[in-house]
Amino acid sequence: MFLTGRFFLLVVAGAIPVIGYPRYWVVLLWVLACVVLMGIDLIAAGSTRVLRLYRLPSAPVRLGEPGNSVLVVHNPTGRRFRAQLKDGWQPSAGASGNIHDVSLPPGERQSVSTSLLPTRRGDRPAHRVTVRRRGLLGLAGRQSGFVVPGSIRALPPFHSRKLLPSRLARLRQLDGRSAVRIRGQGTEFDSLRDYVEGDDVRSIDWRATARRRSTVVRTWQPEKDRHIIVVLDTSRTSAGRVGDEPRLDAAMDAALLLAALAAHAGDRIDLIAGDRMIHRRVVGAPRSTLLGALVTAMVPLEPALLEADWPLLAAEIGTLTRQRALVVLLTPLEPASVEESMLAPLSVLAQRHKVIIGSVRDPQLLEMTERREDAAAIYGAAAAARTIALRQRTESAVSRLGVDVVDADPEQLPAALADHYLLLKSRGLL
């Protein structure tokens, strides 16, 4: 049961007769009258348990975009059912407009919709539906809670998709440039054409020349159907927040842009996400459904407060391919974690594959180095400068292994990683 404001006003109104007749029996009679009226209201309100509730499936939405949840209310009784419903969700679901007034004739159904705006990625479950029925006097009523299973899935926002058209245009220009049509590692045969002055004599096709009785050369283009393995680090270092989001979310954004670009370029993309264990694998997904498979795999990922097991992740990469591939490690370039557990597996990977480390940089470090307002700011600037120096030392150590490092701010990392991929492709280094 629940009591409304009217009941308390009725109790307070008892002060009027008490002031006129200051007797104990007057107070007792007034309290008794209030309780009797409350009981009558409760009986008149009727049961709330007779209601039947169903929830329709909610379509997935991108994080930051609105969605809704539809609740179907059924009155199986033979009398009209009037009540107020509150569709409760956890706070990160961003529910609004979730209090509904219903008036159902006997045997009828009604659908009510709750607007949702998730503030966190992943599955945001519903809590419970609370139903209230007031009595005729509006003094009290009955209240019940119903567990109606349901959730809304908040997908990674993929903010960098706006950069995809410009990178695809560069990819098309890359395919048409003659500067890359020379033989070398990471290229494949394209076509034959007549020899012109300045062509590499090593590209002459002597068999075709003999048939046509004119000098013919082979042309080459960047090799397609290359294998790209993206590794998402979900360890404790990915939990650090840079700006308004964790490093892991920025790494996901970069992985999605790279995957979309590589799929258009004809390359094969696999994904591994893990720390001390492998949480998600996307292997051999068709290009037409690749982005959907990657987004679905990324939805439940959350950073774990554990160190990454890089030998395990490197071994997992070895199970996916025995041939040379492009391995993209999306992990923060933290000196301690890299030097303690990553350098040894990284040196082995760099001997077999082309390796890129995509790291999210904190832009506040550079801002801190420029502050000189007081002693605290100076100490902060010194700490930031030391952190930057350690990161640069770690980057140099990694680069000596033959590993490329793309260290950028969260908003710039997807574009920087995509540009580096195009650069490698133009030089035939994949």
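The values are calculated or read from the model by the stated rules, or taken from the named source; none is laboratory data. This structure is a prediction, so every number in the text was calculated from the model and none was measured. In this analysis, Cβ positions are derived from the backbone assuming ideal geometry, glycine residues included, and neighbour counts consider all displayed protein chains. Note: areas computed on protein heavy atoms with side chains; ligands, DNA, RNA excluded. Shrake-Rupley method; radii C 1.70, N 1.55, O 1.52, S 1.80 Å.
A few notes on this one:
- Members of the range 248-273 found to be within 13 Å of Pro414 (Cβ to Cβ) and charged (D, E, K, R), listed by number: Asp249, Asp253
- Meets criteria (closer than 16 Å to Val231 by Cα, open to solvent by 20 Å² or more (accessible area, probe 1.4 Å) and within 26 Å of the chain's Cα centre (by Cα)) for Glu316: yes
- Residue match in the range 132-143 (condition: on the phi < 0 side of the Ramachandran plot and modelled with pLDDT of 90 or more): no
- Matching residues, the range 374-388, being within 31 Å of the chain's Cα centre (by Cα) and either loosely packed, with under 13 Cβ neighbours inside 10 Å or of a type in the set (Gly, Ala, Ser) (or both): Ala384
- Ser288 under 30 Å from Val61 (Cα atoms) and either part of a loop (DSSP other than H, G, I, E, B) or open to solvent by 40 Å² or more (accessible area, probe 1.4 Å) (or both): yes
- Restricting attention to the range 63-101, the residues that are modelled with pLDDT of 90 or more and of a type in the set (D, E, K, R) total 4.
- Cβ pairs under 6 Å, 6+ apart, first in the range 298-311 and of a type in the set (Gly, Ala, Ser) and modelled with pLDDT of 90 or more, second surrounded by 13 or more Cβ atoms within 10 Å (Cβ to Cβ) and not in a loop (DSSP other than H, G, I, E, B): Ala308/Asp233
- Residue under evaluation Ile19, criteria (1) open to solvent by 80 Å² or more (accessible area, probe 1.4 Å); (2) touching a His at 6+ places or on another chain (Cβ under 7 Å), criterion not met: (2)
- Pairs linking a residue in the range 343-354 that is over 10 Å from Val403 (Cα atoms) to a residue that is open to solvent by 50 Å² or more (accessible area, probe 1.4 Å), with Cβ atoms under 8 Å and 6 or more positions apart or on different chains, are Leu343/Leu401; Ala344/Pro311; Pro345/Pro311; Arg352/Arg324.
- Test result for Val360, of a type outside the set (Gly, Ala, Ser), farther than 22 Å from Asp267 by Cα and in contact with a Gly (Cβ under 9 Å, 6 or more places away or on another chain): yes
- Any pair with Cβ under 6 angstrom, 6 or more apart, that starts in the range 29-40 at a residue that is more than 13 Å from Val12 (Cα to Cα) and ends at one that is open to solvent by less than 80 Å² (accessible area, probe 1.4 Å) and of a type in the set (Gly, Ala, Ser): Met38/Ala140
Let's see how each residue does on (1) modelled with pLDDT of 70 or more; (2) not in a helix (DSSP H, G or I):
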{"residue": "Ala179", "(1), (2)": "no, no"}
{"residue": "Gln185", "(1), (2)": "no, yes"}
{"residue": "Ser191", "(1), (2)": "no, yes"}
{"residue": "Glu197", "(1), (2)": "yes, yes"}
{"residue": "Arg211", "(1), (2)": "yes, no"}
{"residue": "Val217", "(1), (2)": "yes, yes"}
{"residue": "Trp220", "(1), (2)": "no, yes"}
{"residue": "Lys224", "(1), (2)": "no, yes"}
{"residue": "Ile228", "(1), (2)": "yes, yes"}
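- If the condition is being surrounded by 18 or more Cβ atoms within 10 Å (Cβ to Cβ) and more than 39 Å from the chain's Cα centre (by Cα), then the range 76-128 contributes Phe81, Leu104.
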